[in-house]
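The values are calculated or read from the model by the stated rules, or taken from the named source; none is laboratory data. Everything numeric here is computed off the predicted structure, so don't read it as measured data. Don't worry about glycine lacking a Cβ; one is built from the backbone with ideal geometry, like all the others, and counts go over all protein chains shown.
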Amino acid sequence: MVSRAEAQTNLFSEALAAQRAGDYAAAAHAYEQAAAQNPATGTLQNLGLTEWRRGRRAPAILAWEQAIWVDPFNAAARENLRFARKAASLEGPEYSWCEAASMWLPLNAWPLLAGTSLWLAVAMVLLPRVLRWRRSIWHQALAAVSCAVFLLCLPSLYGVHTRARIGFVLTKETPLRLTPTRDAQTILLLQEGQPIRWARTRGAYWFVHTSSSSGWVERDQIGRICPK
């Protein structure tokens with residue numbers, strides 16, 4: 001029986017072989033399957049490259065954005081995004097300061113750092129009393145530093161939460177509708193690869209905000225920055 005890790009490795013190897021052979025459709029399909037099992041930054045980076053070679057601009061941008069979501073230090077994905085957006089005359093998402101701060105460390109580092117600092121602060125306050133240690137200056141100093149680190153992590157954790165609402169238009173001339181129905185008035189047509197923020201859901205539609213307007217879009221026409 002093949003383990004999940006072995007299946008992931010096999011899919012990545014299959015995708016890499018297809019990419020080298022110039023079969024970008026097969027490579028993209030294999031990379032998508034591998035990313036669905038484990039959204040690693042390298043897999044998503046390569047998925048973006050194969051999609052770009054296929055002429056699928058929006059899926060490529062989405063894959064590179066997801067690669068940066070997993071690892072904000074992926075310089076190759078950032079460079080590819082700059083090139084793709086310049087070529088397509090597209091703007092990137094507008095980040096709040098909390099969201100910008102959330103990209104200073106990898107995604108999973110913030111809850112780990114926040115939890116560790118909180119429990120360390122609690123330990124420095126309670127343990128000397130429970131174990132009848134003599135309270136010293138370093139106990140208080142370490143508790144104060146831990147509390148400060150925990151409080152500084154909170155805006156970044158909030159930034160991760162709000163940044164997860166960012167998505168990208170996947171199809172050309174996607175209609176932004178006034179109401180969540182097929183017959184609704186079209187407010188404007190969204191560009192392929194354009195960033196949006198979703199606010200709420202109603203059936204098969206998302207209510208989204210763009211840089212210039214707000215309205216309803218069919219969910220299958222949007223890809224979220226947060227990989228599943």
Checklist outcome for this item: Pairs returned, first residue in the range 140-163 that is in the same structural domain as ALA123 (by TED's automatic domain parsing), second residue that is of a type in the set (Val, Ile, Thr) and part of a helix (DSSP H, G or I), beta-carbon separation under 8 angstrom, 6 or more apart or interchain, are ALA143/VAL125
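Would you check if there is a residue in the range 126-138 being among the aromatic types (Phe, Trp, Tyr), outside the structural domain of ALA60 (by TED's automatic domain parsing) and free of Cβ contacts under 8 Å to residues at least 12 places away in the same chain? Break it down stepwise before answering.
Taking the range 126-138 as the starting set, the residues that turn out to be among the aromatic types (Phe, Trp, Tyr) are 133, 138.
From the residues that got through so far, the ones that are outside the structural domain of ALA60 (by TED's automatic domain parsing) too are 133, 138.
Adding the requirement that they be free of Cβ contacts under 8 Å to residues at least 12 places away in the same chain leaves 133, 138.
Checked against the condition, which is being among the aromatic types (Phe, Trp, Tyr), outside the structural domain of ALA60 (by TED's automatic domain parsing) and free of Cβ contacts under 8 Å to residues at least 12 places away in the same chain, the range 126-138 yields at least one hit.
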Next on the checklist: Return the residues of the range 72-95 that are more than 15 Å from the chain's Cα centre (by Cα) and within 21 Å of THR162 (Cα to Cα); say none if nothing qualifies.
Outcome noted: GLU91
Checklist outcome for this item: Note: among ALA121, ALA184, just one is out of contact with any strand residue (DSSP E or B) (no Cβ under 8 Å at 6 or more places or on another chain) and either farther than 30 Å from THR50 by Cα or without any contact (Cβ under 8 Å) to a residue 60 or more places away in the chain (or both), namely ALA121
Checklist entry - Can you spot a residue in the range 151-167 that is under 27 Å from PRO195 (Cβ atoms), touching a Gly at 6+ places or on another chain (Cβ under 8 Å) and modelled with pLDDT of 95 or more? => result yes
Checklist entry - Which of the following residues is more than 19 Å from the chain's Cα centre (by Cα) and within 17 Å of GLU99 (Cα to Cα): LEU127, LEU151? => result LEU151
Next on the checklist: For the range 104-111, check the following and say yes or no: at least one residue is crowded, with 17+ Cβ neighbours inside 10 Å, farther than 18 Å from ARG224 by Cβ and aromatic (Phe, Trp, Tyr).
Outcome noted: yes
Checklist outcome for this item: When restricted to GLY42, GLY48, the only residue out of contact with any Leu (no Cβ under 7 Å at 6 or more places or on another chain), surrounded by 24 or more Cβ atoms within 10 Å (Cβ to Cβ) and either in contact (Cβ under 8 Å) with a residue 40 or more places away in the chain or part of a helix (DSSP H, G or I) (or both) is GLY48
Checklist entry - Which one of these does ARG200 not meet: (1) assigned to a helix (DSSP H, G or I); (2) of a type outside the set (A, V, I, L, M); (3) farther than 20 Å from ILE68 by Cβ? => result (1)
Checklist outcome for this item: When the range 144-174 is checked residue by residue, the ones that are touching a helix residue (DSSP H, G or I) at 6+ places or on another chain (Cβ under 9 Å) and within 17 Å of ALA204 (Cα to Cα) are GLY167, PHE168, VAL169, LEU170, THR171, THR174
